[in-house]
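Data first, discussion second: the structure below is written as structure tokens.
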Amino acid sequence: MSGKLAFEELEQRVKELEGKAEKCKNTEKELLKTKAMLQEVFDGIPDTLFKLDKELRIEVFNRAAADHYKVKYKDVLGKPCYQALRGRSEPCHGCDIPSLVLEGKHISFEQKGLIDPEKIVIYPVKNKDNEVHSMIVRISDITEEKKMKQELLQADKMISLGVLVSGVAHEINNPNNFIMLNTPLLSDAWDSIMPILEDYYEENGDFNLGRLQYSEMRDEIPKLLNGIKKGSKRIKRIVQDLKDYSRHDIGEINQTVNVNELIESAISLVGNMIKKSTNKFSVEYGKDLPMIKCSQQKLEQVIINLIQNACQSLPDKSKGIFVKSLLDDKSGSIVVEVRDEGIGMAEEVVPRIMDPFYTTKRSRGGTGLGLSVSANIIKEHEGKIEVKSQRGEGSIFTIFLPTKKIEEPIKILVVDDDSSVRDVITTALGKKRYYLVKEASSGVEACVKLGSDCPNILVLDIQMPDMDGVEICRLIKSKPELSGIKVIIITGFPDSSKTKEIVDMGFKNILPKPFDITDLLGTVKMVLKPKISD
């Protein structure tokens, strides 16, 4: 009996062990699954990330880390970081990271990376007893972050410059105007007094004039006065460049322009300078370029500036300037390129040439603001300028201008003899960017504008003293060239015989007075369907 009990107990024990073994097996599967999931999470993080134990052995290593250090996961796992990543037999000299991390400190610092600047952050990992048992190292590429900080700093500087310029320009212009206006008077006065002084010199010999002999001063004074005039004009140009640079509003960007025609116009304006600078000038116009919305005068200013800079960079007339335009199908931008065979720029100069006041031509009168102003103009047009240059090889300035679908505005004519009603309607419709609204105060005036403007929509009152809405509708009905006009009748008498007559002609869009703006806008939108949408 005792043997049978012992066997049963043993059999029960075996079953319990088998159950525990199965449970352990399932637990192991769950652990492996969790580990795989954690590895996937690590691999999904774009920053370099790995985990080290107290002895700096690598416990976890993500895909970004493998790419960063050009190693394979299986080759580094379990090895010290200095050996697996640096190929060293002992910790890096001066490395105090382990001791700091074990103290529970969070470490963050920047260093020059393999290619770009990096930010390294090391987090201590603690157990339930608050003891550090490992550490996580995260390495981030901070190139874009630094670039953004630099751009914000530059933007702040430009805002300060704009505030300064607005105040200083006036204070400089006032005394400079005094100089510019009075210097010619002094020149005329000198020219008038010269014959008298010459006669005196011929009769009495040389004499002192401003502590110098007259024989010396008579040639120098005109030069001095001319220098004052040139200096005053230079001050005026610098102030104007400053005002242009700091001005945020470049005017309405609403002109529909052919870029090739704009380039042609710019070239004609600097034609003399081009002839004096080079015997090799060519233009290549892109075919079938789409029209763009822009400020024509400002874009022309940019192209003129680039061509002038190219002319000034040429060492002699044997070197050339080449301008071309094209459509970049990939980006959908119109590209304007100005290439020269000039002296070029050093590598360290190129990043700075768009900075205000930076110039390589100061001795020749350059203010250092031309390219800054140009860059601002192109930025306002949502484009960009790229520069490539090499010392002795010339420079290439490339403008990228985005093309957008140009939609013709919807022309609306509002006709009502009540000025207050007209004002309300034109104001409401005029707030929509795609509506071009005009008005007429009488039926006769409306007929004139129907013929000259040919609106898309006519918002028409019926009761008018000279020529009422019925007569205008009858006129529209009889003229095939006006058949495309959509008519909206606004009337305080929607059930009148005149309204019925208009409806019978086929003009069925009736908006009874009084109406609110929402009703008006809704009716206009309904009439235009499917031409516009929200």
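Among (1) under 30 Å from L85 (Cβ atoms); (2) at pLDDT 70 or above, there is one condition K146 misses while meeting the rest; what is its number?
In the conditions (1) under 30 Å from L85 (Cβ atoms); (2) at pLDDT 70 or above, K146 misses (2) alone.
Would you please name the residue that is nearest to Y123 (Cα to Cα), looking only at residues in the stretch 30-60 that are touching a Lys or Arg at 6+ places or on another chain (Cβ under 8 Å) and at pLDDT 80 or above?
Going through the qualifying residues, I end up with L49.
Applying the selection to the stretch 175-204, what residues are surrounded by 10 or more Cβ atoms within 10 Å (Cβ to Cβ) and of a type in the set (G, A, S)?
S187, A189
If you take the residues in the stretch 211-251 that are of a type in the set (G, A, S) and buried (at least 16 other Cβ atoms within 10 Å of the Cβ), which one is modelled with the lowest pLDDT? Steps first, please.
Here is the first cut: in the stretch 211-251, the residues of a type in the set (G, A, S) are 215, 227, 231-232, 246, 251.
With the extra rule that they be buried (at least 16 other Cβ atoms within 10 Å of the Cβ), the set shrinks to 232, 246.
Details: S232: 84, S246: 51.
Taking the candidates together, the pick is S246.
Looking only at residues that are of a type in the set (S, T, N, Q) and under 14 Å from E347 (Cβ atoms) in the stretch 383-398, which one is modelled with the highest pLDDT? Quick ask: steps written out before the conclusion?
Initially, the stretch 383-398 is screened for residues of a type in the set (S, T, N, Q), giving 389-390, 395, 398.
Subset that is under 14 Å from E347 (Cβ atoms): 389-390, 395.
Values: S389: 85, Q390: 85, S395: 89.
In this case the residue turns out to be S395.
Does P465 satisfy being loosely packed, with under 13 Cβ neighbours inside 10 Å and not polar (S, T, N, Q)?
Details: loosely packed, with under 13 Cβ neighbours inside 10 Å: yes; not polar (S, T, N, Q): yes.
Against the criterion (loosely packed, with under 13 Cβ neighbours inside 10 Å and not polar (S, T, N, Q)), P465 qualifies.
Could you please tell me which pairs satisfy a Cβ distance under 6 Å, a separation of 6+ or placement on different chains, a first residue in the stretch 127-142 that is closer than 15 Å to F109 by Cβ, and a second residue that is assigned to a strand (DSSP E or B) and acidic (D, E)?
Here the result reads I139/E118, each pair linking the stretch 127-142 to a residue that is assigned to a strand (DSSP E or B) and acidic (D, E).
Which members of the stretch 183-210 meet the condition of being part of a helix (DSSP H, G or I) and either at pLDDT below 85 or charged (D, E, K, R) (or both)? Walk me through it before giving the result.
Narrowing the stretch 183-210 to residues part of a helix (DSSP H, G or I): 183-204.
D188, D191, E198, D199, E202, E203, listed by residue number.
Between P465, P455, which is part of a loop (DSSP other than H, G, I, E, B), under 16 Å from I410 (Cβ atoms) and in contact (Cβ under 8 Å) with a residue 40 or more places away in the chain?
Working: P465 fails: under 16 Å from I410 (Cβ atoms).
Checking each option against the conditions leaves just P455.
Report yes if some residue within the stretch 496-517 is of a type in the set (G, A, S), out of contact with any helix residue (DSSP H, G or I) (no Cβ under 9 Å at 6 or more places or on another chain) and assigned by TED's automatic domain parsing to the domain that holds L450; otherwise report no. Explain how you work it out, then say what you get.
The first filter runs over the stretch 496-517 and keeps only residues of a type in the set (G, A, S), leaving 496-497, 506.
Still in the list and also out of contact with any helix residue (DSSP H, G or I) (no Cβ under 9 Å at 6 or more places or on another chain): 496-497.
Of the ones still in play, those that are also assigned by TED's automatic domain parsing to the domain that holds L450 are 496-497.
Yes, the stretch 496-517 contains a residue that is of a type in the set (G, A, S), out of contact with any helix residue (DSSP H, G or I) (no Cβ under 9 Å at 6 or more places or on another chain) and assigned by TED's automatic domain parsing to the domain that holds L450.
The values are calculated or read from the model by the stated rules, or taken from the named source; none is laboratory data. Every value quoted in this text rests on a predicted model; they were computed, and no experiment measured them. Note that each Cβ is placed from the backbone with ideal geometry, even for glycine, and that neighbours are counted across all protein chains shown.
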